Amino acid sequence: MSPITTHVLDISLGEPAEGVVITLAKLDEHGQPTAVGHGVTNADGRVTTLLPPGEAAPGVYRLTFETTAYFARTHRESFYPRIEVTFHVTEAESHYHVPLLLSPFGYSTYRGS
C-alpha cells in the first residue's frame, strides 16, 4: 500500500465520493510542487496507490482534490473548484492517511490512521 493514502466522504450525501481526481505533489524548499502521484477515488472513496511502498521521503506534500467534476456529475454546484491539503511527512517509514470530509460549500480534513 502507498505510504500516503486518502479517503473522501461526501458528508452532504452521507456516502463515499467516488470518482474524485487526486494529485499528490512534493513541495521543494521554495514551495514549488512536483507531482509524484495521481489517482481517482474508488467506490469506497479511497485512493491507496498514490506512491509505491517506501517512496515517501520526509518533506512537505500537497494533495489536490479536483471537486468541480465530481459535483458536476452529481448535478450540484460547489464553492470550491479544488481543495488543496498541505502536510508534513516527518518519518519516511510511517503511514500518512489524510481523509477529506466534503460538501458543496465546506470541507474538513485531519490525519487519520
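Rule-based calculations on the coordinates, nothing more; no lab input. Predicted, not measured: the structure shown is a model, and the values here were computed from it. Neighbour counts run over all protein chains shown; Cβ positions are idealised from the backbone, glycine included.
A few points about this structure:
- Sequence-ordered 3J(HN,Hα) estimates for segment 82-89 from the Karplus curve with 6.51, -1.76 and 1.60 and θ = phi - 60° stand at 7, 10, 10, 10, 9, 8, 9, 9 Hz, glycine and proline given as x.
- Distance in nm between pseudo-label sites at E15 and F79 (7 Å out along the Cβ direction from Cα): 2.5
- Dipole magnitude of the chain, debye to nearest 20 (Cβ charges: Lys/Arg +1, Asp/Glu -1, about Cα centre): 180
- The relative contact order of the chain, computed from alpha carbon pairs under 8 Å that lie at least 6 residues apart in sequence, is 31 percent.
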